[in-house]
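Asks: Before anything else, here's the structure in question.
What follows draws every value from the coordinates through simple rules; no lab data is involved. Source: prediction; values computed, not measured. When we count neighbours, we look across all protein chains shown, and the Cβ atoms used for this are built from the backbone with ideal geometry, even at glycine.
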Ligand code: C2E
Ligand code: MG
Ligand code: MG
Ligand code: MG
């Protein structure tokens, strides 16, 4: 007979926990080979300047198509990649690939557009993080002013001092720093004021309910106002409807990104999308 263990035991060693663990081991095992086997790619989601409608640039989003596991969402594997530190080579691969792609667009006379790249705290805490970023910019011949790093709020509080110094250094060189998923973490406004950032990125959860009912100002509107008070740009993510876009325009949000404008686009389709978007804009001007 099995010992009568405490109630918590089943939660700890129960089937779900075991399955969860197995899944992590399997993902880690296959992820190890993903870069060398060319299983990783990037998609690019357009970001638009709301005031003018102009294309500002793109956010690079990683995709993993594993021959064994199929498409695996970054929401499932980025955390695991962080735990086993595979995020270091993967993150460097993402940054180089994104900068190369953008520099290529510029050489073709497009833009110049910007590129936003998601950066993990594991990368930020590396001693040579700033060197790596500047080296990749040199190697890909991309002007630092066209690169924006997206950092999530929750991660920054862990090593505030160290991370602030590095971000400040990169900001001084013209690189944009966006605080991603803003509003979902726990950072206080006084911390926010001390952070060397250039942009607040309002989390999708504050966009979903827009424009909302009643007379009270939706939180997204207040976040835009706070961001502007602090001299920051404000971007809204996850914009899916025209009503949301109209609301964001009314409160002077600077940039928008979301399915309403475009889903993330495969590399091979970006050029065609961009040309099509430019034509649309010109038509709008003529109206
Ligand atoms: P994120 O940086 O907040 O990226 C936004 C996510 O929302 C993306 O999901 C994007 O495809 C999705 N999205 C954009 N617009 C809409 C919309 O209108 N509606 C809905 N429902 N979703 C929208 P994705 O690509 O699955 O990425 C999820 C997260 O994984 C990212 O959230 C980011 O935290 C992380 N991630 C993705 N690529 C990288 C990477 O290269 N490095 C690191 N460290 N993290 C990454
Ligand atoms: Mg992001
Ligand atoms: Mg985000
Ligand atoms: Mg998000």
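Asks: Efficiency by 1/(1 + (r/R0)^6): what FRET value for residue 145 and residue 205, r their Cβ-Cβ distance, R0 = 30 Å, to the nearest 0.05?
Replies: 0.45
Asks: Continuing with this model, one more query. Pop the C-beta distance of residue 126 and residue 259 into the FRET formula with R0 = 41 Å and round what comes out to the nearest 0.05.
Replies: 0.75
Asks: Could I ask something else about it? Give me the log10 of I(q) over I(0) for segment 193-248 at q = 0.28 Å⁻¹, as the Debye formula computes it from C-alpha points; what are the numbers?
Replies: -1.16
Asks: Count the DSSP beta bridges whose two residues both fall in the chain, then state the antiparallel fraction as a percent rounded to the nearest 5. Show your work: numbers first, answer last.
Replies: Numbers: 16 of 38 bridges.
Here the share of antiparallel DSSP bridges comes out near 40 percent.
Asks: Also: State, to one decimal in nm, how far the label point of residue 84 lies from the label point of residue 138, with both points 7 Å from Cα in the Cβ direction.
Replies: Between residue 84 and residue 138, the label points sit 3.3 nm apart.
Asks: Next up: Cα gyration tensor of segment 57-130, axes a ≥ b ≥ c as square roots of the eigenvalues: rounded (a/c below 1.5), prolate (a/b > b/c) or oblate?
Replies: Numbers: a/c = 2.62, a/b = 1.42, b/c = 1.85.
Verdict is oblate for segment 57-130.
Asks: Share of antiparallel DSSP beta bridges in segment 18-132, in percent to the nearest 5?
Replies: Once the DSSP bridges in segment 18-132 are tallied, antiparallel ones form about 75 percent.
Asks: Another question about this same structure. Length gain on complete extension for the stretch residue 172 to residue 189, per 0.36 nm per residue less the alpha carbon to alpha carbon distance?
Replies: 3.9 nm
Asks: Would you calculate the separation in nanometres between label points at residue 281 and residue 246, each defined as 7 Å from the Cα along the Cα-to-beta-carbon direction?
Replies: 2.3 nm
Asks: For the chain, what relative contact order do you get, as a whole percent, if you take Cα pairs closer than 8 Å and at least 6 residues apart? Show your work: numbers first, answer last.
Replies: Numbers: 405 pairs, mean separation 48.1, N = 287.
About 17 percent, as a whole number.
Asks: Another question, if that's okay. For a distance above 31 Å, tell me the whole-number percent of Cα pairs in the chain that qualify.
Replies: Across the chain, Cα pairs with separations above 31 Å total 34 percent.
Asks: Tell me the angle of helix 160-172 to the major Cα principal axis of the chain, expressed in degrees between 0 and 90 and rounded to the nearest ten.
Replies: 30 degrees
Asks: Let me ask another. Based on the alpha-carbon set only, what is the convex hull volume of segment 102-161 divided per residue, in Å³?
Replies: About 83 Å³ per residue, rounded to a whole number.
Asks: Also: Which stretch or stretches of segment 64-85 have amide N atoms under 17 Å from the point lying 7 Å from residue 37's Cα along the Cα→Cβ direction?
Replies: So the set is 64-74, 77-78, 81.
Asks: Taking only the alpha-carbon positions of segment 64-198 and ignoring solvent, what does the Debye formula give for the base-10 log of I(q)/I(0) at q = 0.15 Å⁻¹?
Replies: So the normalised log intensities are -0.78.
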